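Structure, as structure tokens:
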């Protein structure tokens with residue numbers, strides 16, 4: 001079996017989110033760790049430890065939406081499935097997170113394009129695949145190739161309400177994308193909203209979860225290394241009580 005890592009590294013300062021959302025990581029090395037141990041064990045001198053070293057640790061300040069993460073229905077709205085309370089990340093069935101994977105290649109779509117149901121159908125026809133319940137659908141966009149570079153959050157296409165519902169109506173409950181958001185970049189949506197005043201254009205893919213509850217991953221990587229189908233996806237989220245998302249070390253499993 002071959003394992004392909006679909007997760008980005010959590011890294012401070014990398015162009016991965018708006019400036020107000022960027023993660024912060026403070027690194028403490030082994031020498032600092034030795035001082036920590038000396039404070040915990042009265043009479044201990046750091047030089048008494050092997051090589052004068054204690055534990056290396058990191059202090060991290062992040063949101064549940066930094067790095068490769070999996071959004072719960074609660075992130076999108078307070079209700080799902082036509083009025084039921086939305087599930088938080090620790091309530092979503094684990095069966096959703098390990099299943100057959102399907103890749104939709106939308107790298108040629110222009111930045112800011114909002115994919116529709118017909119785009120999904122044409123791509124599935126092109127690769128010759130029929131969706132089945134609990135398939136995990138991954139969307140490869142132009143954003144994947146520029147992660148960590150200036151302008152990443154404005155790159156790639158997004159999945160609109162119509163495209164999202166075309167998947168969830170067929171039983172798909174977990175999706176993912178290599179862009180900053182499942183929806184089109186906000187910079188394009190802001191322009192459309194300014195021109196039309198139509199608030200339904202804002203976060204329309206996310207808000208489709210109000211009709212059919214689902215989860216999606218954001219900031220995936222290496223989707224270009226995957227075949228269109230014939231692989232498994234494993235994407236269990238970190239279990240955070242009552243949270244809107246959880247980080248995931250998402251991987252694809254392929255027969256070698």
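The numbers here are math on the coordinates, done by the rules we state, and not lab data. All of these numbers come straight from a predicted model, not from anything done at the bench. Heads up, the Cβs are rebuilt from the backbone with ideal geometry, glycines too, and the neighbour counts pull from every protein chain shown.
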Practice prompt. Compare 75, 216, 30 in a GNM of the chain, Cα atoms joined below 10 Å, and give the one with the largest fluctuation.
Written response: 30
Practice prompt. Provide the gained length on full extension for the span residue 48 to residue 134, in nm with one decimal, where the gain is 0.36 nm per separating residue minus the Cα-Cα distance.
Written response: 25.4 nm
Item to complete: Please work out how much length the chain gains when fully extended from residue 253 to residue 60, using 0.36 nm per residue of separation minus the C-alpha to C-alpha distance, in nm with one decimal.
Response: 66.5 nm
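First measure r as the distance between the Cβ atoms of residue 37 and residue 94, then evaluate 1/(1 + (r/R0)^6) with R0 = 45 Å and state the FRET efficiency to the nearest 0.05.
Numbers: r = 38 Å, r/R0 = 0.84.
Step by step, r from the Cβ atoms, then E = 0.75.
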Worksheet item: Using alpha carbons only, how many degrees (0 to 90, rounded to 10) separate the axis of helix 117-127 from the longest principal axis of the chain?
Response: 80
Discussion item. Can you give me the C-alpha center-to-center distance between segment 63-100 and segment 112-132, rounded to a whole angstrom?
Written reply: 23
Discussion item. I'd like the distance separating the alpha-carbon centroids of segment 202-256 and segment 165-198, in whole Å.
Written reply: 15
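Kindly work out what percent of the DSSP beta bridges joining two residues of the chain are antiparallel, to the nearest 5. Before the final figure, lay out each step's value.
Numbers: 28 of 42 bridges.
The antiparallel proportion sits near 65 percent.
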Discussion item. Which one, 131, 70, 225, has the greatest fluctuation when you compute a Gaussian network model over the chain with C-alpha springs under 10 angstrom?
Written reply: 225
Discussion item. Given a 10 angstrom Cα cut-off, can you work out which residue in 14, 57, 202 is the most mobile in a GNM of the chain?
Written reply: 57
Worksheet item: On a 0 to 90 degree scale, rounded to 10, what angle separates helix 186-196 from the longest Cα axis of the chain?
Response: 40
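Could you work out the helix-only [θ] at 222 nm for the chain, with each DSSP H run of four or more residues adding -39,500 (n - 2.57) and the total divided by the number of residues, to the nearest 500 deg cm²/dmol? Walk me through the intermediate numbers first.
On the way: 6 runs with 49 residues, N = 256.
Result for the chain: -5000 deg cm²/dmol, rounded to the nearest 500.
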Worksheet item: Quick one: if you stick a label point 7 Å off each Cα along the C-beta vector at residue 3 and residue 30, how many nm between them?
Response: 2.6
Worksheet entry | Inter-label distance for residue 21 and residue 191, nm, one decimal - labels placed 7 Å from Cα along Cα-to-Cβ | 2.0
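From the P(r) of segment 69-254, can you give the percent of Cα pairs sitting at distances over 23 Å? Provide the component values of the computation, followed by the final result.
Details: 6306 of 17205 pairs.
More than 23 Å apart: 37 percent of the Cα pairs in segment 69-254.
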